Amino acid sequence: MTLYHDTLDRLGKDICAGRYRPGQVIPAEPVLCAQLGVSRIVLREAIKGLASKGMVEARRRTGTVVLEQSRWSLLDPEVMIWRADANGVDLALGSDIMELRRIIEPAAARLAAQRAQPAELKALREAYEAMAEAVDGKGDYVAADLKFHSTIIRACANPFVTQLQSVMATVLRICFERVAAVPGGRAHSLPLHRRVCEAIENRRPSEAGDAIIELLDDAERDMRQLLSANPNAFRTPAQTASVAEVQLRADQELDPDNSHEAAEERHDRTVLT
């Protein structure tokens, strides 16, 4: 991770954790530079990165002020990860994430059943089979699950939904890394994934949408049960991973050949804003 990314990551998590609250002026440059061990140039780039995400605003004679969460770019993958890493996934954030999935995934599954190309159907079946192998202890279940759902989003062939792939990859990883830890949850959800896969393969849009909804109902039920019993249930080792590492894994699973280019593009876009 570069100094720029490390500084952006630390400040972003501090804001999401409430160390710097909305309306509060963050410490002056000399103080932050000393705290973070970076130069003013690196710090200013990081502040620009936060400003591009709607999290802070530089005000004349006041300083850099933290903005209300309603101003944040909540669909930005880094902001999503910072929120999840800072406080874990509580019922409020978990519900918001599940609502987003309900808005996008059933419609995407119905469209995928109509539009999926042979290569996408093959990728979907391979992802399902990888999930089945992982349930038997062979392979990475979360990676296979992410590939399964991401393939559906891509196969719906809607350019606007396709643009959300990076966002959805982050949303799905946050969900899967937590919910997949439910005892017996993977084996229980496998037949539901098979229903989705077969409905898309057999070109049955309505059945595909219904199967996804049942899958989401099941995942949300597990999430609510765990969080009701233990508010810290979804604090996993993923929370200690850096934002860059989590996002890179999501990029690699979506497009292994272009993951490094995607990471560089995100950095360049942020610095130039």
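Contact map, the range 131-152: residues that are free of Cβ contacts under 8 Å to residues at least 60 places away in the same chain paired with residues that are open to solvent by less than 30 Å² (accessible area, probe 1.4 Å) and not in a helix (DSSP H, G or I), Cβ distance under 8 Å, separation 6+ or inter-chain. Pairs shown: Tyr141/Ala180; Val142/Ala180; Asp145/Ala180. Within the range 70-120, the residues that satisfy the criterion of being among the aliphatic types (A, V, I, L, M), open to solvent by less than 10 Å² (accessible area, probe 1.4 Å) and under 18 Å from Asn202 (Cα atoms) are Ala108, Ala109, Ala112, Ala113, Ala116.
Within the option set Ile104, Ile152, being modelled with pLDDT under 95 and over 26 Å from Lys13 (Cβ atoms) holds for one residue only, Ile104.
Is it true that Leu91 is of a type in the set (A, V, I, L, M, F, W, C) and at pLDDT 95 or above? Judged against the criteria, Leu91 is not a match. The combined condition, being within 25 Å of Ser228 (Cα to Cα), hydroxyl-bearing (Ser, Thr, Tyr) and out of contact with any strand residue (DSSP E or B) (no Cβ under 7 Å at 6 or more places or on another chain), is not fulfilled by Ser150.
Report yes if some residue within the range 244-262 is of a type in the set (A, V, I, L, M), at pLDDT 50 or above, more than 19 Å from the chain's Cα centre (by Cα) and open to solvent by 20 Å² or more (accessible area, probe 1.4 Å); otherwise report no. So far as the range 244-262 goes, no, none of its residues is of a type in the set (A, V, I, L, M), at pLDDT 50 or above, more than 19 Å from the chain's Cα centre (by Cα) and open to solvent by 20 Å² or more (accessible area, probe 1.4 Å).
Filter the range 1-22 down to the residues that are open to solvent by 60 Å² or more (accessible area, probe 1.4 Å) and not in a helix (DSSP H, G or I), then identify the one that is modelled with the lowest pLDDT.
If we filter the range 1-22 for residues that are open to solvent by 60 Å² or more (accessible area, probe 1.4 Å), which is where we start, we get 1-3, 10, 19, 21-22.
If we keep only those that are not in a helix (DSSP H, G or I) as well, we get 1-2, 19, 21-22.
Details: Met1: 69, Thr2: 90, Arg19: 92, Arg21: 94, Pro22: 96.
Going through the qualifying residues, I end up with Met1.
Collect the residues in the range 43-79 that are closer than 20 Å to Leu164 by Cβ and in contact with a Leu (Cβ under 7 Å, 6 or more places away or on another chain), keeping them in residue-number order. Write out each step before concluding.
Filtering the range 43-79 for residues closer than 20 Å to Leu164 by Cβ gives 52-54, 72-79.
Listed by number, the list holds a single entry, Gly54.
Checking each residue in the range 181-205 for being modelled with pLDDT of 95 or more, open to solvent by 80 Å² or more (accessible area, probe 1.4 Å) and in a helix (DSSP H, G or I) picks out Arg194, Arg195.
Touching a Pro at 6+ places or on another chain (Cβ under 9 Å) and crowded, with 19+ Cβ neighbours inside 10 Å: does that describe Val171? Here the answer is yes, as Val171 does meet what is asked. Going residue by residue through the range 44-63, is there one that turns out to be without any contact (Cβ under 8 Å) to a residue 24 or more places away in the chain, open to solvent by 70 Å² or more (accessible area, probe 1.4 Å) and aliphatic (A, V, I, L, M)? Yes - at least one qualifying residue is present in the range 44-63.
Right, Thr62: farther than 23 Å from Ile97 by Cα, of a type in the set (Ser, Thr, Tyr) and modelled with pLDDT under 95 or not? So Thr62 fits the description; yes.
The values are calculated or read from the model by the stated rules, or taken from the named source; none is laboratory data. Just so it is clear, the model here is predicted, and its values are computed rather than measured. Every residue, glycine as well, gets a Cβ built from its backbone with ideal geometry; the counts of neighbours run over all protein chains shown. Heads up: the accessible areas ignore ligands, DNA and RNA and are worked out on the full protein's heavy atoms, side chains in. Shrake-Rupley method; radii C 1.70, N 1.55, O 1.52, S 1.80 Å.
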